[in-house]
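Q: Would you mind keeping the following structure in view while I ask a few things?
The values are calculated or read from the model by the stated rules, or taken from the named source; none is laboratory data. As the structure is a computational prediction, the values presented were derived from the model and not from experiment. Neighbour counts are summed over all protein chains in view; Cβ atoms, including those assigned to glycine, are modelled from backbone coordinates with ideal geometry. Surface accessibility is based on the protein's heavy atoms, side chains included, excluding ligands, DNA and RNA. Shrake-Rupley method; radii C 1.70, N 1.55, O 1.52, S 1.80 Å.
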Amino acid sequence: ATMGSEAAGIILDTGPDVTHLTPGDRVTGLFPDALANIVVADQRTVIPIPADWTYPDAAAFPIVFLTAYYGLHDLAALKPGERVLIHAGTGGVGTAAIQLAQHLGAEVFATASPAKWPHLRAMGLDD
């Protein structure tokens with residue numbers, strides 16, 4: 001594996017089979033050798049950036065959410081009404097895991113240092 005696997009940028013060109021992306025679209029996703037000015041990506045690994053996201057926010061999104069999704073959905077098969085404990089809930093993967101667990105309808109418990117408890121409360125967790 002090489003360094004740099006997630007990024008955000010602007011589509012410059014697309015292959016003939018790509019129908020959901022066009023030149024000029026702002027995108028984020030997984031890119032081989034992402035630490036470059038221009039990269040080529042598989043269309044299955046790229047999604048449009050929401051209008052209110054910055055490029056740095058979008059570039060930090062893919063790996064943390066895919067990690068959380070893999071753990072909660074693929075490995076744990078988390079279901080609505082189940083409970084989950086997420087350690088380091090205010091870190092990148094922890095924040096993504098809390099959001100995904102809430103989306104899946106689970107009851108979420110999380111750990112964080114006392115200084116970060118307000119962040120957990122802002123995500124809807126109570127004491």
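Q: Any idea which of Ala7, Leu125, Leu100 is furthest toward the positive side of the dipole for the chain, if Lys and Arg beta-carbons carry +1 and Asp and Glu beta-carbons -1?
A: The Cα lying farthest towards the positive end belongs to Leu125.
Q: With charges only on Cβ, +1 for K and R and -1 for D and E, what is the dipole size of the chain about its Cα centre, in debye, rounded to 20?
A: Result for the chain is approximately 300 debye, rounded to the nearest 20.
Q: Ok, one more. With a 1.4 Å probe and every protein chain left in place, tell me how much accessible area Lys79 has, in Å² to the nearest 10.
A: Counting only protein heavy atoms, Lys79 exposes about 110 Å² to solvent.
Q: Now a separate question. Please give the net charge around Glu6, taking every other residue with its beta carbon less than 13 angstrom from that of Glu6, where Lys and Arg add +1 and Asp and Glu add -1.
A: -2
Q: Just to confirm a number: summing +1 for Lys and Arg and -1 for Asp and Glu over residues other than Gln43 whose beta-carbon lies under 13 angstrom from that of Gln43, what do you get?
A: Here the charged neighbours net out to -3.
Q: State the antiparallel share, in %, of DSSP beta bridges confined to the chain, rounding to the nearest 5.
A: 65 percent
Q: Taking all protein chains in place and a 1.4 Å probe, what share, in percent, of the accessible surface of the chain do carbon and sulfur account for?
A: Ligands and nucleic acids excluded, carbon and sulfur give 61 percent.
Q: What dipole magnitude, in Debye to the nearest 20, does the range 55-127 give about its Cα centre under +1 on Lys/Arg Cβ and -1 on Asp/Glu Cβ?
A: For the range 55-127, the charge dipole is close to 60 debye.
Q: Given [x] 1.08; [y] 0.99; [z] 1.22 as candidate values of Cα Rg over 2.2 N^0.38 Å, which corresponds to the one derived from the coordinates?
A: [z]
Q: In Å², what does the accessible area per residue of the range 1-104 work out to with a 1.4 Å probe?
A: On a per-residue basis, 64 Å².
Q: What number comes out for the charge environment of Pro32, summing +1 per Lys or Arg and -1 per Asp or Glu over other residues with Cβ under 12 Å away?
A: -3
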